[in-house]
Amino acid sequence: MSWRSYDTPTPPALALIELSSIARGMHATDAMLKAADVQLVMSRSICSGKYMVLVAGEQHEVEASLSAGMDVAKETAIDHVLLSNVHPDVYPALSSTGEITRKSAIGILECYSVACLVDALDQVAKRALVEVVQCRLAMALGGKAYLVFTGDVDSVRESLDAGAEVVEERGLLVDKIVIPDPRPELFDSLV
């Protein structure tokens, strides 16, 4: 995924659909793009034989796009999310283009759903001053997703709790961990 420059305002809304069918995922992507004026952020097959599509734009356009995608996805829709007032750090996190400076603690959030993790990512970014180190969405993960972020210990705990709450409400939490004062080798292996 490539996102425009940081000087360009980030779209206020995004939607993601996670599907069990690759073919239906491609069809849903086309329907979403035809239904509204949205930007395609990501459209690809993911582990384990699933597909995901992520679009961004103005709220009403993203809502229309999501509706069209869900109409096509039907029973193959595993999960989906619609986010309003998306935190600006979400887009660089999804494309792994953010800069990382804080290293006093690491938070790790792991779940069974790509859509759920994107929702949690927005909550993590909004809750406290943290920086995303990694956001991995289902590739080479057996369909799971995880988020690694850094900041001071209190901020990491607060953000982790906010993100985990979103995931736990949906019964999709694998694990959540705070690592205070990580060894430099561990941090460097993540960047």
*How about region 159-175: which of its residues are more than 16 Å from K103 (Cα to Cα), among the small types (G, A, S) and either buried (at least 16 other Cβ atoms within 10 Å of the Cβ) or touching a His at 6+ places or on another chain (Cβ under 9 Å) (or both)?*
A162, G163, A164
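Table: residues versus (1) within 18 Å of V86 (Cα to Cα); (2) over 14 Å from the mean Cα position of the chain (by Cα); (3) assigned to a helix (DSSP H, G or I).
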position	(1), (2), (3)
L109	no, no, no
A115	yes, no, yes
D119	yes, no, yes
A125	yes, no, yes
V132	yes, no, no
C135	yes, no, no
G142	no, yes, no
S155	no, yes, yes
D161	no, yes, yes
*asked:* Please pick out the residue among V178, V156 that is surrounded by fewer than 18 Cβ atoms within 10 Å (Cβ to Cβ) and at pLDDT 95 or above.
replied: V178
*Can you name the residue in region 1-36 that is at pLDDT 95 or above and β-branched (V, I, T) and, of all such residues, is nearest to D79 (Cα to Cα)?*
I17
*Take the residues in region 97-122 that are over 26 Å from S48 (Cα atoms) and buried (at least 16 other Cβ atoms within 10 Å of the Cβ), then tell me which one is modelled with the lowest pLDDT.*
G98
*Might you let me know whether region 34-49 holds any residue that is of a type in the set (K, R), more than 27 Å from K144 (Cβ to Cβ) and out of contact with any Ser or Thr (no Cβ under 6 Å at 6 or more places or on another chain)?*
yes
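The values are calculated or read from the model by the stated rules, or taken from the named source; none is laboratory data. Predicted, not measured: the structure shown is a model, and the values here were computed from it. Methodologically, a virtual Cβ is constructed for each residue, glycine included, from the backbone with ideal geometry; neighbour enumeration extends over all protein chains shown.
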